[in-house]
Amino acid sequence: MKWLIKNPAPSDKRKKKWGDYHFGRSLTKYLTRLGLKVSTDYQPHWDNKKKSDIVLVLRGMYSHQRTAANRNALHVLWNISHPESVSLEEYQSYDLVFVASNEWAVRLKELISVPVFALLQCTDAEAFYQRPLKNNKQREGVVFVGNSRGVPRYGILWAIELGIDVSIWGRDWRRFVDYRYIKGNYLDNKKLGQLYSSSSVSLNDHWDDMKNCGFINNRVFDALACGLPIISDYHESLHKLFPSEIMYYRNRDELRACFNKIATSYPDVLEKTNAARERVVERYTFANRANSLSEKVIGLLKERKN
């Protein structure tokens, strides 16, 4: 069975700097281990004459239209981000829909007639795992890996105002923070697991539409898989999954309280984080997701034959 993944990452030299690229690579690895043949198209080369049995669209920034070559293929959507940009008509145009939100899946089932399943984001447990610290070293440093998006990301700005020495890897930060906080425009994905395994805490936040629709970014699962404590913007759906294992803030005072907890109760924070790490490795991995995708696709194909 041939699978063709439509990945929203650009096909040029920027490709490896997009999270979608690494997301797709990890998914491909585990689908291939199931015995599936998988190829990938990147933007802007989604429209071509490649033929496949299954077309899997990773829906982030870009929508996809069926091509003549794959008119009869089974079309599967996995909406992993930007849910407010996806219309009901677009969801309805697929044969099978997955969304990275439990709440949004429930809502969509009431609004469209095609099968809908929740399939949350996840981590690659072979790339993100807790590496041992050497020479009796301790975790240290507050880190954030992500671009500014051209907007003030208040969790990071508030942390700096509180006197926290945040180490930032990402683009377009110079207009918002002093250069001394910026450690690089990009951190190689291969080095990210080591950073998460040696740092003391990671800052995290979400796009508003992701929070509104219950989508959780994969930074959460990557960091937890490495045993890295997280301070995140309050996100109701994330709080349901990890009510005490993650520290949350809605404003600067709550963020201050999170850092006070790091300073005064770090062993307790680590204990809760490690409990979350075990759950992530068990439930929120690309291996799990590849199995779920394959099972649901095979099930639908059998239904159609009958």
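The values are calculated or read from the model by the stated rules, or taken from the named source; none is laboratory data. Not measured: the values here are computed from a predicted model. Reconstructed Cβ throughout: ideal geometry from the backbone, glycine too, with neighbour counts over all protein chains shown.
Let me confirm something: among Ala290, Ala276, which residue is touching a residue at least 12 places away in the same chain (Cβ under 8 Å) and closer than 30 Å to Val55 by Cα?
That would be Ala290, the only listed residue that is touching a residue at least 12 places away in the same chain (Cβ under 8 Å) and closer than 30 Å to Val55 by Cα.
Would you call Ser39 in a strand (DSSP E or B) and either surrounded by fewer than 16 Cβ atoms within 10 Å (Cβ to Cβ) or at pLDDT 95 or above (or both)?
Here the answer is yes, as Ser39 does meet what is asked.
Just one of Ser63, Ser52, Ser11 is more than 17 Å from Asn189 (Cβ to Cβ) and out of contact with any Asp or Glu (no Cβ under 9 Å at 6 or more places or on another chain); which is it?
None of the other options fit; the residue is Ser52.
Confirm whether Ala118 is within 21 Å of Asn217 (Cβ to Cβ), of a type in the set (Gly, Ala, Ser) and in contact (Cβ under 8 Å) with a residue 40 or more places away in the chain.
So Ala118 fails the test.
Can you tell me which residue is nearest to Tyr154 (Cα to Cα) among those in the stretch 226-266 that are in contact with a Cys (Cβ under 9 Å, 6 or more places away or on another chain) and of a type in the set (A, V, I, L, M)?
Here the residue is Ile231.
Taking Ser87 and the conditions (1) surrounded by 15 or more Cβ atoms within 10 Å (Cβ to Cβ); (2) of a type in the set (Gly, Ala, Ser); (3) closer than 19 Å to Trp207 by Cα, which numbered condition does it fall short on, given that it satisfies the others?
The one condition Ser87 does not meet is (1).
Which members of the stretch 58-78 meet the condition of being outside any helix (DSSP H, G or I) and farther than 16 Å from Val297 by Cβ?
Listed by number, the residues that qualify are Arg59, Gly60, Met61, Tyr62, Ser63, His64, Gln65, Arg66, Thr67, Arg71.
Quickly run through the stretch 152-169 and pick out the residues that are at pLDDT 95 or above and in a loop (DSSP other than H, G, I, E, B).
The answer is Leu162, Gly163, Ile164, Asp165.
Identify the residue in the stretch 132-151 that is at pLDDT 95 or above and surrounded by 12 or more Cβ atoms within 10 Å (Cβ to Cβ) and, among all such residues, is farthest from Ser265 (Cα to Cα).
Val145
Is there a residue being buried (at least 19 other Cβ atoms within 10 Å of the Cβ), closer than 21 Å to Ala290 by Cα and modelled with pLDDT of 95 or more anywhere in the stretch 60-68?
The answer is no; no qualifying residue exists.
Among the numbered conditions (1) in contact with a helix residue (DSSP H, G or I) (Cβ under 8 Å, 6 or more places away or on another chain); (2) part of a helix (DSSP H, G or I), tell me where Leu203 comes up short.
Against the list (1) in contact with a helix residue (DSSP H, G or I) (Cβ under 8 Å, 6 or more places away or on another chain); (2) part of a helix (DSSP H, G or I), Leu203 comes up short only on (2).
Taking the stretch 177-213 only, how many residues are in contact with a Ser or Thr (Cβ under 6 Å, 6 or more places away or on another chain), under 28 Å from Asn260 (Cα atoms) and of a type outside the set (S, T, N, Q)?
Qualifying residue count for the region: 1.
Could you pull out the residue among Ala287, Ala276, Ala225, Ala257 that is aliphatic (A, V, I, L, M) and surrounded by fewer than 16 Cβ atoms within 10 Å (Cβ to Cβ)?
Ala257
Name the residue, out of Asp178, Asp165, that is more than 26 Å from Lys15 (Cα to Cα), loosely packed, with under 14 Cβ neighbours inside 10 Å and in contact with a strand residue (DSSP E or B) (Cβ under 8 Å, 6 or more places away or on another chain).
Selected residue: Asp165, the only one of Asp178, Asp165 that is more than 26 Å from Lys15 (Cα to Cα), loosely packed, with under 14 Cβ neighbours inside 10 Å and in contact with a strand residue (DSSP E or B) (Cβ under 8 Å, 6 or more places away or on another chain).
Given the residues Asp209, Asp222, which is the only one that is among the acidic types (Asp, Glu) and closer than 20 Å to Glu140 by Cα?
The unique qualifying residue is Asp222.
Examine the stretch 216-224 for a residue that is in contact with a Phe, Trp or Tyr (Cβ under 7 Å, 6 or more places away or on another chain), in contact (Cβ under 8 Å) with a residue 60 or more places away in the chain, part of a helix (DSSP H, G or I) and of a type in the set (Asp, Glu), and state whether such a residue exists.
For the stretch 216-224, residues in contact with a Phe, Trp or Tyr (Cβ under 7 Å, 6 or more places away or on another chain), in contact (Cβ under 8 Å) with a residue 60 or more places away in the chain, part of a helix (DSSP H, G or I) and of a type in the set (Asp, Glu): present.
Are any of the residues in the stretch 229-241 of a type in the set (Phe, Trp, Tyr) and surrounded by fewer than 19 Cβ atoms within 10 Å (Cβ to Cβ)?
Scanning the stretch 229-241 turns up at least one residue that is of a type in the set (Phe, Trp, Tyr) and surrounded by fewer than 19 Cβ atoms within 10 Å (Cβ to Cβ).
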